[in-house]
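Taking it in order: structure first as structure tokens, then the write-up.
Since every read-out is calculated from the coordinates, none of them should be taken as a lab result. Treat the numbers as computed from the prediction; the structure is a model and nothing was measured. Positions of Cβ are backbone-derived with ideal geometry, glycine not excepted, and every protein chain shown enters the neighbour counts.
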Amino acid sequence: MMSKVILSALVVLLASVAISEGMALRSLGVELHCRCIQTESRPIGRHIEKVELIPANSHCEETEIIATLKKTGQEVCLDPHARWVTRVIERIIENKRR
């Protein structure tokens, strides 16, 4: 009986530590999973205000490209394999080199 109580308390403690660590990482801007579930492949270049490129990492195997739209501020995940998206990324890289 006593060992079940101790085991239960230990499980609760470990769960709370795991949750608080996850929250701490998220508050530091560390995502623990892929942000993009769906991607947009239709050209929307003229509606984009900014683009964020998130390289593949231990939490997400895919490179993620997230665009913020000018009018609404909505974030849209872009298809990294769409030709127009690769051209946008190439232009961004060229402009940073200048």
>> Amide H of Glu62 versus every other amide H placed in the peptide plane: which residues, excluding those fewer than 5 positions away on the same chain, fall under 5 Å?
In response: Asn57
> When ranked by the protection proxy of mean other Cβ atoms within 10 Å per residue, highest first, what sequence do the peptides 60-72, 86-98 form?
Replying inline: 60-72, 86-98
> Using θ = phi - 60° and the Karplus form 6.51 cos²θ - 1.76 cosθ + 1.60, what ³J(HN,Hα) does each residue of the stretch 61-78 get, whole Hz, x for Gly and Pro?
Replying inline: 6, 9, 6, 10, 10, 10, 9, 9, 7, 4, 6, 9, x, 5, 8, 10, 7, 9
>> Run the simple label-point estimate for Leu69 and Asn57 please: 7 Å along Cα→C-beta, distance reported in nm.
In response: 2.7
> What length, rounded to one decimal in nm, is gained on full extension from Ile44 through to Ile93, with 0.36 nm per residue of separation minus their alpha-carbon distance?
Replying inline: 15.8 nm
> With no solvent and one point per C-alpha, what does the Debye sum give as log10 I(q)/I(0) for the stretch 34-98 at q = 0.27, 0.28 Å⁻¹?
Replying inline: -1.28, -1.32
